[in-house]
């Protein structure tokens, strides 16, 4: 959920600042990129070195670096973040946010932000109950900020009541639940095929292709990030998938077809990115073939077309195919789109430098059944997975 997310944590001057260390640790453990901005008072409670070490990033507290004089661009920091968490958020900082005061780096970032902002208050009981604080909290909520309410318990003053910063795991779980709730593929089940197929000649030899599976695995990860339940049917690859993805390992085209037919009726979206063999040996020898003759002929039989088969079965599903071409690219892709009853097809050409098998990059054109054509520049396969998922989401 948080893998590769950019998270900016704002830490204010509160005794609860020590909990920021555990919050950062949870984010980093989840695979997020975390940066920390501290108010001047916060540095009295927890050192920037601690949070820098845990986040693996520079900690910001001033408009400029006092050692180098380099400007810490508040706008860039605000735009970098996928979301901002203020924890602990003091009554002072909440008042500044609510009233547009801008006298430190954190408040400048807040006023420049366009991303979701989570505010986790921490203060004494009387401060939390004060009408001014209540009004300021209401103003933040009216701005669209999300409040993570404090807990009740013993406070630093000795009083007992509401005002304790929520525990790091509670804050983490709250954010995960909120993100999960808003994901565009939440409640959808996606079937993705990836990698090559190997068609056996004998126990040690096979007919295969150069597919790495990188595109299909990137699509599985991106679908998962968007909230989908993902089934990944993978031919032989060396790639690892997220533990939350249901992975089915197959070898041959026949095994991939059987696996697709097992799950197809229950999914909402099917993306066929695997490079499936068109032909397989008619006879698979039980023993290793010995090198005895000057020439050797293998009789091949056409494999059953998985994409065409699913296109004929399709009812409610969005069905996406891939076309890797070397000539008459668009014409061949459009023919495949229509003949196999697809919603759209992803075309790429081996004539484009950096595209095709084994590369970490690809260059694609999306052609859909409504005659819309979208061409993309050369990108990483992870970025292309985002473009393909965005197309699926637009159809939904």
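The values are calculated or read from the model by the stated rules, or taken from the named source; none is laboratory data. Everything quoted here is computed from the prediction, not taken from an experiment. Virtual Cβ from ideal backbone geometry, glycine too; neighbours counted across all protein chains shown.
List of remarks:
- One residue stands out in the range 3-19 among those that are within 30 Å of the chain's Cα centre (by Cα) and buried (at least 22 other Cβ atoms within 10 Å of the Cβ): the one that is farthest from residue 241 (Cα to Cα), namely 12.
- Of the strands (runs of 3 or more DSSP E) lying entirely inside the range 294-396, the ones with 3 or more residues being under 25 Å from residue 224 (Cβ atoms) and touching a residue at least 24 places away in the same chain (Cβ under 8 Å) are found at 318-325, 344-349.
- Selected residue [assigned by TED's automatic domain parsing to the domain that holds residue 255 and within 30 Å of residue 227 (Cβ to Cβ)] from 113, 200, 177, 194: 194
- Any hit, the range 136-148, residues being surrounded by fewer than 16 Cβ atoms within 10 Å (Cβ to Cβ), touching a residue at least 60 places away in the same chain (Cβ under 8 Å) and under 25 Å from residue 170 (Cα atoms): no
- Meets criteria (touching a residue at least 24 places away in the same chain (Cβ under 8 Å), buried (at least 17 other Cβ atoms within 10 Å of the Cβ) and under 26 Å from the mean Cα position of the chain (by Cα)) for residue 94: no
Conditions (1) modelled with pLDDT of 95 or more; (2) assigned by TED's automatic domain parsing to the domain that holds residue 388; (3) closer than 30 Å to residue 202 by Cα, marked per residue:
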| site | (1), (2), (3) |
| --- | --- |
| 306 | yes, yes, yes |
| 312 | yes, yes, no |
| 324 | no, yes, yes |
| 327 | no, yes, no |
| 343 | yes, yes, no |
| 353 | no, yes, no |
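- Test: residue in the range 254-262 that is assigned by TED's automatic domain parsing to the domain that holds residue 382 and part of a loop (DSSP other than H, G, I, E, B): no
- Residue check for residue 185: assigned to a loop (DSSP other than H, G, I, E, B) and either assigned by TED's automatic domain parsing to the domain that holds residue 324 or in contact (Cβ under 8 Å) with a residue 60 or more places away in the chain (or both): yes
- Restricting the range 162-187 to residues that are modelled with pLDDT under 90 and touching a strand residue (DSSP E or B) at 6+ places or on another chain (Cβ under 9 Å), the residue that is nearest to residue 30 (Cα to Cα): 179
- Filtering 251, 262 for residues that are loosely packed, with under 15 Cβ neighbours inside 10 Å and over 22 Å from residue 391 (Cα atoms) leaves a single hit, 262.
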